[in-house]
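Quick note: the coordinates plus some simple rules give every number you see, no bench work behind them. Here the structure is a predicted model, which means the values were calculated and not measured. Here the Cβ positions follow ideal geometry from the backbone for every residue, glycine too, while neighbour counts run over all protein chains shown.
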Amino acid sequence: MHFNKDLLEEIGMLEADGTVKIERGEEGFFKFFEEVKKRAPEGVMPISGTSQYGLPMYLWYTLLTQYGGDILDETGTKATLDTPENKKALSIMMRMVENDIWPKNQKNGAEIFTAQKAVATINGVWALPIFESAEGLNFISIPFPQFTDTDSVYADSHSLVFPKNDNISDEERKAAMEFAVWLTNNSAKWGKAGHIPSKPSVAQSDEYQSLLYRKDYAPSAEYAKFYPQSTSIAGFTELIQRELAAMIAGEQDVDKTASNLQTEFQKLLDAKNK
Amino acid sequence: MRKHKKLTLGRVILYIVAYIFAFLWLFPIFWMLVSALKPVGTPVSILSKVFTGTFTFRNFILVGEKAPVWTWSLNSLIVSSAVTFGTIALTSMAAYSLSKLNFKGRGLTQLIITAGMMIPIEAIIIPLYQTMAELNLLNTYSGLVFPSLAAPIGVLIMKRCFDSIPDELIEASVLDGANPFQRWWQVCLPLSKSSMAAVGIFTFKNAWNDFLWPFLSVTSEKMMTLPVGIPQFQGANLSEFVLPMTASVIASVPALIVFLIFQKQIMQGIAMTGIKG
Amino acid sequence: MKGATNSERLKNIIKENIAAWLFLIPYLGFFICFLLFPILRGMYVSLFDAALGRESIFVGLENYVTIFKDKAFWQSLFNTLFFVIISTPAIVLVGFVFAIFVNSKLKGTTFLRVSYFASYVLSMAVVTGLWIFIYQPYTGLLSVITNALGLGEIYWLNTKWLVWFAILVTTIWWTVGFNMVLFLVGLQDIPDEIYEAAEIDGANSRQILFRITIPLLRDTTVLVILLQTISSFKLFGQTYLMAGGGPGTHTRTLVHYIYETGFTNRRMGLAAAMSVAFFVVVLLVSLLQNKVFAKK
């Protein structure tokens, strides 16, 4: 989560040490942002964040896993989306939307933030270079707030994949692996784009730590949660993004969303596992 | 020749309505062109800020730094040119054959080609993709160009043009000892310049703006054409408006210039598309 | 030819046949490989359960049964038909009106014609990009206007039914030039004498328009309607790029669903079956229209 330092100061919600303090838990979160909404100047929204495509999905999965839920069971064949955990996650999102803390139907959360029309924004690490180059924007980044005792935040990663290919020589294979190793060891530079290096030693290195802001949220890598492995994930991401966008737009309620997700995802899984 | 009519009330209303629509239609394009010249970060929706204040050409350089927009432009140029020249060459040859030469199977061939016009590319994206993948042509120039060369409409337009060339002219050249190739090259082609121009310009514009097939067949950023790269660019740059506008301008200016110069040919191309019945 | 013998004539016929095929084959090669073969292959693949990463299994017509029972398929068909029904009259009408404007011998005809047509030469990416900026809430062009008028935010692309209106307006803006040109050609084919005769008979503008111009444009109108219908059936880019097929699946068209099934969910056999269904529907609609509009 990123905050506009100047706006926070203006409304008197910046801590003395220049950080932001949100109490852990659902009520803590809403208490903080209700206050922000009350004090924010005209035309400035509490939280900006694009209401379709990836962003709602990241938020949703973060909340879902914080509340102990997931999308699949251990066997990987049954969808687990019509559950209390999912409905809790969905309803928190709706609470944000309906209380105008996260106004609905945003197409460009990052732009609203760089235009200084939002106090906070939910965005991925990749937004960092954009914020850094925005003139006049002073911001701070924090790991995404935690709503329960379980630490969790959505993550995905760039993975290097070696396709099965019997036609390449051992030398080529070795060279590919060497490249992969080199890339991992030198990924501090990739940190400039906002990403967190996967190798702990690299994350601790001076080169990475010296990049501003990154070290503020790098610790969240400790409890980052990836989607479970399944060949149906690609189809699932289309499904969840669509359902979330519809829900946020006000077209369907939490229960309907949860049951749609359950039915549709189960269909995808069944098709793959025939 | 009708002269300008006199100014009745009805006519005045006509003027007003026509011009209001003209401005409405032009406005988005104009807005886009002007926005591309504003400094990055300008709130492009606030019109007062757009049409006053500073202007700059820097964005055209900036946009190139953020994404391979110039590579995309080059790709679009290469693909569109190849499709255009290829189409003109192939269709004029095929049309000549169907129109001026007698051969066994002529009727059937023409029927099949005409039937081909009923197949929208949207209906074959799946098998086309599979075929291209097997031929290893995905993410290549050839892969982008080949499907467009198959379009039957060009053949039919050129055939119509050749049909209108009087047979006497051909026969005269035969008496002079011309072989089929010479008849095509020396007699028919020179007489069909305007049709070829129309087909060419129209084909170029369609190829330049083609979205669906490039979208499906190209995943490598370096090989993308402008219509595929620009939405990507916009998606990745949701932080502001100006640079996406600049990218759009880069994608549009060639087409707009071609349009302004070759208006007649483009409209002729459309008219010919219509007369396929 | 003077003095040609039978065998010479035969030789010439063969030569002509060879020449004909030589001229034809380059084009035909591409036509067969990239148009004819794919449609046949598509029909073939539709009989299989083909998915990435495993062998294709022959399933006969099962894919078609699956489609028939698939609510999402019918919904996307409905969405597509809905757009065809709302867009065809609209874009045809606006094209006609603009053609009338351009043909009315007003001052600045060229300016009018260029204005109405310029949008047609833009690519879909540019058009959708522009109109997203126009419709966008909080920071879009219309948002500034609606806020200034005290209407607050209107979620053009996220509200059911309203989104169709938004997509329609964008599509009209983009493609009306094409229809306009076809109508212009038709209008220019009407001889001036007819108008002059009507004026001499004392007809006013409205009478001329409705009694003379429109009936004489019948063929052109039929053509425009036909082409527009087919074009609207293929709707994909605008709804995909501007609304993501949403809200939910509200604007997911047939082509979009085919794309999703084949390219995202990788169920190629099923997608191929849908493509065949799509092709058949378009064909049927065209034939139906031809019949309805057949000259009496």
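For chain C, complete DSSP H runs whose alpha carbons reach 20 Å or more along their own long axis and whose mean Kyte-Doolittle score is -1.0 or higher are C:6-31, C:71-103, C:162-188, C:218-233, C:268-292.
Its Cα gyration tensor gives chain B an equivalent ellipsoid. The semi-axes, each the square root of 5 times an eigenvalue, are 41, 29, 16 Å from largest down. If you run the Gaussian network model on chain A, springs between alpha carbon atoms under 10 Å, then out of A:F144, A:F32, A:F113 the most flexible one is A:F32. The phi torsions of segment A:196-201, fed into the Karplus equation with coefficients 6.51, -1.76 and 1.60 and a -60° offset, translate into couplings of 9, x, 7, 8, x, 5 Hz, rounded to whole numbers, with Gly and Pro shown as x. Distance between the C-alpha centers of segment B:135-181 and segment A:94-154? Whole Å please. Between the Cα centre of segment B:135-181 and that of segment A:94-154, the gap is 58 Å.
Evaluated with a Cβ-only charge set (Lys, Arg +1; Asp, Glu -1), the protein assembly as shown carries a dipole of roughly 3340 debye about its Cα centre, given to the nearest 20. Positive contributions from Lys and Arg (+1) and negative ones from Asp and Glu (-1), summed over other residues with Cβ under 15 Å from the Cβ of B:I78, come out at 0. Computed over the Cα atoms of segment C:136-244, pair by distinct pair, the Kirkwood hydrodynamic radius stands at 17.3 angstrom.
Taking the dipole about the Cα centre of chain A, with the C-beta of Lys and Arg at +1 and of Asp and Glu at -1, give me whichever of A:G28, A:G250, A:A224 is farthest to the positive side. So the residue we want is A:G250.
Students often get this wrong, so check it: of A:K225/B:K222; A:K189/A:K225; A:K164/A:K272; C:K69/C:K234; C:K234/C:K291, which have C-alpha atoms separated by over 25 Å? Among A:K225/B:K222; A:K189/A:K225; A:K164/A:K272; C:K69/C:K234; C:K234/C:K291, the Cα-Cα distance tops 25 Å for A:K225/B:K222.
Principal-axis analysis of the Cα atoms of chain B puts helix B:193-209 at an angle of about 40° to the longest axis. Between A:N167 and C:I200, the modelled label-to-label distance comes to 7.9 nm, taking each label 7 Å out from Cα in the direction of the beta carbon. Look at the stretch A:17-27: the mean tally of other chain Cβ atoms within 10 Å of its residues' Cβ atoms is 0. Binning the alpha carbon pair distances of chain C at 5 angstrom intervals from zero yields the distribution 1, 5, 8, 10, 11, 12, 12, 10, 9, 7, 6, 4, 3, 1, 1, 0, 0, 0, 0, expressed in whole percent. In this simple spin-label model, placing a label point 7 Å from the Cα along the Cα-to-Cβ direction at both C:I32 and A:E9 gives a separation of 7.5 nm.
Along chain B, the exposed loop sites are trypsin sites (Lys or Arg not before Pro) outside DSSP states H, G, I, E and B with at most 10 other Cβ atoms within 10 Å, and the longest stretch free of them is B:7-277.
Would any residue of segment B:49-92 have its amide N under 20 Å from a label point 7 Å out along Cα→Cβ of A:A193? List them or say none. Only B:62-72 pass the distance filter.
Place a point 7 Å from the Cα of C:S56 along the Cα-to-Cβ direction; which residues of segment B:118-160 have their backbone N under 12 Å from it? Backbone N within reach: B:126-131, B:134. Shielding by partners for peptide C:263-274, expressed as the average number of C-beta atoms from other protein chains within 10 Å of each residue's C-beta, is 4. Summing +1 for each Lys or Arg and -1 for each Asp or Glu among the other residues whose beta-carbon sits under 15 angstrom from that of C:E16 gives +4.
When every Cα-Cα distance of segment B:30-70 is counted in 10 angstrom steps from zero, the calculated P(r) takes the values 30, 52, 18, 0 percent.
Report for the protein assembly as shown the percent antiparallel among DSSP-assigned beta bridges with both residues inside it, nearest 5.
That works out to approximately 65 percent antiparallel.
Among the GluC sites (Glu not before Pro) in segment A:187-265, none is located in a DSSP loop while being surrounded by at most 11 other Cβ atoms within 10 Å of its own Cβ.
Taking 60 Å as R0, compute the FRET efficiency from the Cβ-Cβ separation of B:F51 and C:L81 and round it to 0.05.
0.90
Sorting A:V97, C:V222 from the fewest to the most surrounding beta carbons within 10 angstrom yields C:V222, A:V97. Ellipsoid fit via the Cα gyration tensor, the protein assembly as shown: semi-axes of 52, 35, 26 Å, each the root of five times an eigenvalue, largest first.
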